[in-house]
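Below you'll find the structure, written out as C-alpha cells, and then a few comments.
The values are calculated or read from the model by the stated rules, or taken from the named source; none is laboratory data. None of these values were measured; they are calculated from a predicted model. Because the Cβ atoms are built from the backbone with ideal geometry, glycine has one as well, and the counts that use them run over all protein chains shown. For accessibility, only protein heavy atoms count, side chains too; no ligands or nucleic acids. Shrake-Rupley method; radii C 1.70, N 1.55, O 1.52, S 1.80 Å.
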Amino acid sequence: MKISKIELKDFRGFPAPEVFDLAGGKNLLLYGENGSGKSSLYKALVEFLNLDPKAQPFHKHRNIFSAGPDKSCIDGHVSLELSDGTLHVWHCLGSRPHGDRTLPQATRERWVDTARRASLLEYRSLLQTNFNVADVREKLFELAVTTLLANVPIVGTGGRVRSLSQLWADFRGSKPKRRTRNQLRQLAAAEKEFNDGFSGILPDVQRAVTEILRYFTGAGLEIRLDVPTVHYDCTPHYSRDWGFKNKFLDFEVELNGVQIPDWNTFLNEARLSALAISLYLAGAILSNPRPPASVATPTKLLVLDDVLIGLDLSNRLPVLRILEERFADYQVILLTHDHVWFEMAQLALMNPTQWTVYEMHRQKVKEGTFVFDAPVLKPQTEKLAEHFLLLAEEHLNVKHDLRTAALHARAAFEVKLKSYCSKRKIQVPYDLEGRHLNTDHFLLGIERRLLWDGKMPKSLFTLQRIKLFRSGVLNPLAHFHPVTLAPGEVDAAIQAVKKLDFADGTTNFAKNTFDLLQKPTPTSEELLDAACWLRTTFEVDLRGLLKRYDGKVTFRDDWTKFTLAELWESAKEAMNRVNAAVAAPLIADIEAQRSIFLDDWNYALVNTFDKPTLDAAWNVLRTPPPETVQTRLAAFT
C-alpha cells in the first residue's frame, strides 16, 4: 500500500490547500527553492506519523499568516490518500489517525505500523554523524538508539516484539529512585532485555551497512560493531552520583583490509559521508517489523530531505542506485533545494517511470495587510528534455529572453545526449564525476557508434542539423563566453533539438539530398535540411572511402580532436595513391565548394545558401546522370 496523494492546508508554509499527486503511489522527486515550503512537506509527514503521546497538536503548526484571532482553523489539515482510494486526514481540531478513537481499530493499527517502519531523515540528522568528535563512541550510541536503529524490531521475553528505542525507553524508565529490592529487580530485567536485544541485532546491522558501502565506488570500507554491556550504576551512596555506564557503540573500520585505529580522523570526508549514509539506510532496511494481522500490505516510506546536500557527486549517484535497488518495495520521497542535483537525479534514475517529479517555487501573496510567501507547485509531466524545450519556447516567444531560451535549449540537448549515451553504453572519455565532459564528448561518441557498424542511420542527419548551432545557441562554452543571438537562430536551434533522435532505421543520404533539391521552390527550412543532407552525404561517404582504402590519421589520445580537415587530407592521399587521374578533378571540384563541404559548419553560413548554390555543390558531388544517385566518393575506384 502506498500514498497516492498528499494534501496540506494551513500547515506551516502552506496557507492554502496544495496537492501532491503521486499517480497512484509513485516515488516523489521534489525540487523546492529555499523558502518554498519543501521542509514543511517533510515536517507534515513527520508529524502525521508522530506516535509520541505528547506530540504537538495541529494548531501549533499552523501557518502564521493564517493563525490570526479572526481566522478559523477548522479546515486546516494534512491528508494522505492511499492507493486503495481511502483518505486519511489529520484535522486541525482532531487527532492524528493512529490515535483517533473514532476510526476503526484496523485503520489505527495501519498508521501505527506505518509510523514504526517509516524512515524520515533530514539534513540536520546527517550533520549529527559528525565523526570528528572526541566522544564518537558515545555519540554513535545515542544516534543508534534514538535515530539510526530506533525502529528496528526486537523479539524479547515471551515473544513480545518491541523496537530498540522502546527497549531503551524502558531501560531509562526503570531507573530506581531508591535501592529497594523491587526497583532493583525491575532495573535488572530492563537492563538485560536491552543489552540482549541490542547485541542481538548488531550482526544484521553490520551486514547491512557493509552491503550498502559496496555501492560507493572506491570506498573500500568494512565495519565491525560491538556494544559493551550498558549498566546503570546505583552503588554510590548518593543518588546524584548514580548513572549509566558503558553507553558506547564500538565501531571498528577496515580500509582495504587494514584496520584503521583512529578512523574518524583518518578517513576523508567522502568515506565518512558514505559511512554515515550507510548507517542510516541500514537502519531503515532493518526497521521492518511484522505487520499486525489487520494490515495485509504494509506501507513502507522513506523520506530524505536534503540528506545528500553535503555529498559530492561521486557519493550522490550511488545513493540513487541504493534507493532503486534496496528500497524497491518502499515509497521514496526525495526532497532537494539543489536544482543541478535535481536535474542530474532525473538523468540517473534507472526506472524514471516509477517517479513523479515536482518543482516548487514561492510567490508573494497579499491578504489584507499581510504580504507573505506561498508555495507554487509545478508538476513535471513531460520528460526532462521536453520540459527544457517547453521552457525554451516560453522564454523565446513569451518573455523574449533569448539567452535564457538558449540556455534551456542547451540543457535539453545535453539531456538527450547523456540519456542516449547512458542507455546505449556509448564510450566517452573517462571522468569520475563527469564535470569535465561537455556535449562534444557525448556528440562525437554517439557519432562514432553510429558509424562503427557500417550502417547509414538517419540519426547522422539529425546530428548534422544540430552541428549548425554548435558555435552559437548550442555552444558548450556559451556560459563563459556569451555569443550574439538572433531570434530566428534560437528558434531554429530549438526545433533542431526537438527533432534530434537516434532512430536505428537506415537511409540513403544521397537519395534524400536529390529528392529535396528536385523541388523547384523549397522553403527556407527545406533548404536548411537540404544543406544538412548534402554535408552528411559528403562526410559519410568520405569516411567510407577512408575505410575502403586504408586512410591514415595521426594518433592522439583524445579521439574527439579529429577534424574534418584532417580526414579530407587523408582521403586525398588515399585517392591519389589508388587512382591519381580520377582523384585530381574530384579533389579540385570539392575544394571549389569548400564552404559547403569543408568549412566550419554553422547556422550563420548555411543560412546564406540558396537553391542554386546547393544545386551547384550537389552536381559536383554526385555521379553524372543517368548513373545511379550516389556520390563520386562512394563510386571512386
Among the numbered criteria (1) open to solvent by 80 Å² or more (accessible area, probe 1.4 Å); (2) assigned to a helix (DSSP H, G or I); (3) modelled with pLDDT under 90, which one does GLN186 miss?
(3)
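When only residues in region 208-236 that are of a type in the set (D, E, K, R) and open to solvent by 60 Å² or more (accessible area, probe 1.4 Å) count, which is nearest to the chain's Cα centre (by Cα)?
Let us first name the residues in region 208-236 that are of a type in the set (D, E, K, R), namely 211, 214, 222, 224, 226, 233.
Next, only the ones that are open to solvent by 60 Å² or more (accessible area, probe 1.4 Å) stay: 211, 214, 222, 224, 226.
Numbers: GLU211: 22, ARG214: 20, GLU222: 27, ARG224: 31, ASP226: 35 Å.
For region 208-236, the residue satisfying everything is ARG214.
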Kindly indicate the residue of region 310-337 that is at pLDDT 85 or above and under 19 Å from SER39 (Cα atoms) and also most open to solvent (accessible area, probe 1.4 Å) among those meeting that condition.
HIS337
Residues in region 347-403 that are charged (D, E, K, R), touching a residue at least 60 places away in the same chain (Cβ under 8 Å) and in a helix (DSSP H, G or I): how many?
2
Among the candidates TYR42, TYR31, which residue alone is in contact (Cβ under 8 Å) with a residue 40 or more places away in the chain, part of a helix (DSSP H, G or I) and surrounded by 14 or more Cβ atoms within 10 Å (Cβ to Cβ)?
TYR42
For region 71-84, the count of residues that are touching a residue at least 12 places away in the same chain (Cβ under 8 Å), out of contact with any strand residue (DSSP E or B) (no Cβ under 8 Å at 6 or more places or on another chain) and open to solvent by less than 70 Å² (accessible area, probe 1.4 Å) equals 1
Within region 513-522, is there a residue that is within 42 Å of the chain's Cα centre (by Cα) and surrounded by 14 or more Cβ atoms within 10 Å (Cβ to Cβ)?
yes
Go through region 411-439 and give me each residue that's modelled with pLDDT under 80 and open to solvent by 60 Å² or more (accessible area, probe 1.4 Å).
SER422, LYS423, ARG424, LYS425, GLN427, TYR430, LEU432, ARG435, HIS436
Determine whether region 198-207 contains at least one residue that is of a type in the set (A, V, I, L, M, F, W, C) and either open to solvent by 20 Å² or more (accessible area, probe 1.4 Å) or in contact with a Phe, Trp or Tyr (Cβ under 9 Å, 6 or more places away or on another chain) (or both).
yes
Based on this model, can you work out whether LEU598 counts as more than 44 Å from the chain's Cα centre (by Cα) and hydrophobic (A, V, I, L, M, F, W, C)?
no
Before we move on, is LYS5 at pLDDT 90 or above and open to solvent by 20 Å² or more (accessible area, probe 1.4 Å)?
yes
Looking for something at pLDDT 90 or above, farther than 24 Å from ASN438 by Cα, within 47 Å of the chain's Cα centre (by Cα) and open to solvent by 50 Å² or more (accessible area, probe 1.4 Å) - is there at least one such residue anywhere in region 582-595?
yes
Say we look at region 553-574 and pick out the residues that are modelled with pLDDT of 80 or more and of a type in the set (Asp, Glu); which of these is least open to solvent (accessible area, probe 1.4 Å)?
GLU566
